[in-house]
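*Asks:* Please read through the structure below; I'll follow up with questions.
The values are calculated or read from the model by the stated rules, or taken from the named source; none is laboratory data. Note that the coordinates shown come from a computational prediction; the quantities given were computed from them, not determined experimentally. As a convention, Cβ positions derive from the backbone with ideal geometry for all residues, glycine included, and neighbour counts pool all protein chains shown. Keep in mind that these areas ignore ligands, DNA and RNA; they rest on the heavy atoms of the full protein, side chains included. Shrake-Rupley method; radii C 1.70, N 1.55, O 1.52, S 1.80 Å.
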Amino acid sequence: MPFFSQARTFEENWSEIRNHVTDVLDDGKFSHGAKVGELEDRLAAWTGARHVVAVNSGTDALVLLLRAAGLRPGDEVIVPAYSFIATASAVVLAGGVPVFADIEEGGHGADPRSVDAAVTGRTKMIMPVHLFDRMADLRALQDVARRHGLTVVEDSAEAIGMRMDGTHAGLLGAGGVLSFFPAKTLGGIGDGGAVLTGDAAIAEKVRMLRHHGRGGRTLGDFPAISNATMLPGRNSKMDDVQAAVLLAKLAALDAAIARRAELAGRYDARLRRVPGVRSVPGARPPLPGSNRVVYVYLLQVDDRDALAAHLSARGIGTEIYYPVPLHLQPCFARLGHRPGDFPRAEAACASAIALPLHPDLPEAHADRVCDEIEGFYAGRAR
Ligand SMILES: *Cc1c(COP(=O)(O)O)cnc(C)c1O
């Protein structure tokens, strides 16, 4: 039983996928063509974003967003110490310096008090991350940002479908991102990402940065100063074949999210009573005014490594989100942190395990995962 698969999803949506891909093949524009623009429009409608700029990965979306939102070399950006590595490396790649904060007690989002304590004279931005199945406490984090005059950008790479007071994740501050890495809630057939923003200037700058400093929505659609390069850009464009597949999958996204919720409820009901399972996602309600969208079904458990080995020996794929807290990653060693600096982030890394959860997963497979977890802890208790 693989941790993730989308073979059945492709089968079920095959005619839609084929139609969109055929459009691209017939049109012959494989980069910066019409499908990318079509995807941007559909995503804008789905999320309510005024501007969506599709790029080649969630990581590049973060780098371009940070630069477009005004990050200057040496500026500090406060990020949680518990996240995917790209959260902090994007800050470095954009020329900034990541400064870590701990996460909330009993949660996975940045702790507003820890963020407040991390502010210095060089702090320019706060970048909260929405992890797994819910949004971080954006209201409290925005208060901190307002008090210190900081810009908020969101690492909403995992957060498609998550909303707070009706506003989609990524649109509460200056901007946010989406990742279309295959395993994500809206996953493609390779890498992809997008910047979401309500700010026309940020969107325009991201369009320039993604296409050699030239901008435009499609090839031949350059801004007024045709072919003049306004700033050193890069090539972060999304391929049109990727956009074609994502358009087909976007049409099935509501059903996919509903299926994820169903499976998560099934896991919750069985696993909340298992000794050794410290907490199930469903035991903690999302913040008032916000919803739950289950991208990753993450448990905190006792004897995590032994449980992972037990499941692996029985053919069940699991993942550790995240094995090492960001402040202890070798690539950030020069920031000078040690174990103990962010205890809640470290504890989360030590006890987290993610179970298979994706629209392809049959109920019987979820039940088998629960059987094996129950069996593992029953064996330990003896
Ligand atoms: C997936 C992810 C990213 C980066 O996305 P890629 O598309 O893989 O580059 C960034 N931040 C978080 C929290 C993610 O989960």
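*Asks:* Averaging sequence separations of C-alpha pairs under 8 Å and six or more residues apart, then dividing by the length of the chain, give the relative contact order as a whole percent.
*Replies:* 22
*Asks:* While we're here: At 0.36 nm per residue, minus the direct Cα-Cα distance, what do D302 and F30 gain on full extension? Give it in nm, one decimal, please.
*Replies:* Full-extension gain reported as 93.0 nm.
*Asks:* Here's something else I'd like to know. Tally Lys and Arg at +1 and Asp and Glu at -1 over the other residues with C-beta under 11 Å from the C-beta of M1: what net charge comes out?
*Replies:* Charge balance in the 11 Å sphere: 0.
*Asks:* Take the Cβ-Cβ distance between A117 and E11 as r, set R0 to 56 Å, and report the resulting FRET efficiency rounded to the nearest 0.05.
*Replies:* Step by step, r from the Cβ atoms, then E = 0.65.
*Asks:* Could you report the chain's accessible area per residue, 1.4 Å probe, as an integer in Å²?
*Replies:* I get 40 Å² per residue for this part.
*Asks:* Can I get the semi-axes of segment 1-134's equivalent ellipsoid? Compute them from the C-alpha gyration tensor as square roots of 5 times the eigenvalues, in angstrom, largest first.
*Replies:* 35, 20, 13
*Asks:* By the scheme Lys and Arg +1, Asp and Glu -1, what is the net charge of all other residues having a beta-carbon under 12 Å from that of G340?
*Replies:* -1
*Asks:* Dipole size in debye (nearest 20) for segment 7-250 around its Cα centre, Lys and Arg Cβ +1, Asp and Glu Cβ -1?
*Replies:* 680
*Asks:* Please list the equivalent ellipsoid semi-axes of segment 135-261, computed as the square roots of five times the alpha-carbon gyration tensor eigenvalues, in descending order and whole angstrom.
*Replies:* Each semi-axis is √(5λ); the values are 27, 23, 10 Å.
*Asks:* Around M164, which amide H atoms from residues at least 5 apart in sequence, or from another chain, sit under 5 Å from its own amide H, with H modelled in the peptide plane?
*Replies:* The answer is A169.
*Asks:* In nm², what is the average projected area of the convex hull enclosing the Cα atoms of segment 253-381?
*Replies:* Its Cα hull, projected and averaged over all orientations, spans 9.8 nm².
*Asks:* Right, another one. Obtain the radius of gyration and the Kirkwood radius of the chain from its C-alpha atoms and give Rg over Rh.
*Replies:* 0.98
*Asks:* Net charge around R314, counting only other residues with Cβ within less than 11 Å of its Cβ (Lys, Arg = +1; Asp, Glu = -1)?
*Replies:* Once positives and negatives cancel, what remains is -1.
*Asks:* On full extension of the chain, what length is gained from R284 through A350, given 0.36 nm per residue of separation minus the C-alpha to C-alpha distance?
*Replies:* 21.8 nm
*Asks:* I would also like to ask the following. Which of D27, D60, D239 moves most in a GNM of the chain, Cα contacts under 10 Å?
*Replies:* D27
*Asks:* Given R₀ = 51 Å, FRET efficiency for R380-R72 by Cβ-Cβ distance, to 0.05?
*Replies:* For R380 and R72, the calculated efficiency is 0.45.
*Asks:* May I pose another question? With springs only between Cα atoms under 10 Å apart, run a GNM on the chain and tell me which of A364, A309, A194 wobbles the most.
*Replies:* Of A364, A309, A194, the most mobile in the Gaussian network model is A364.
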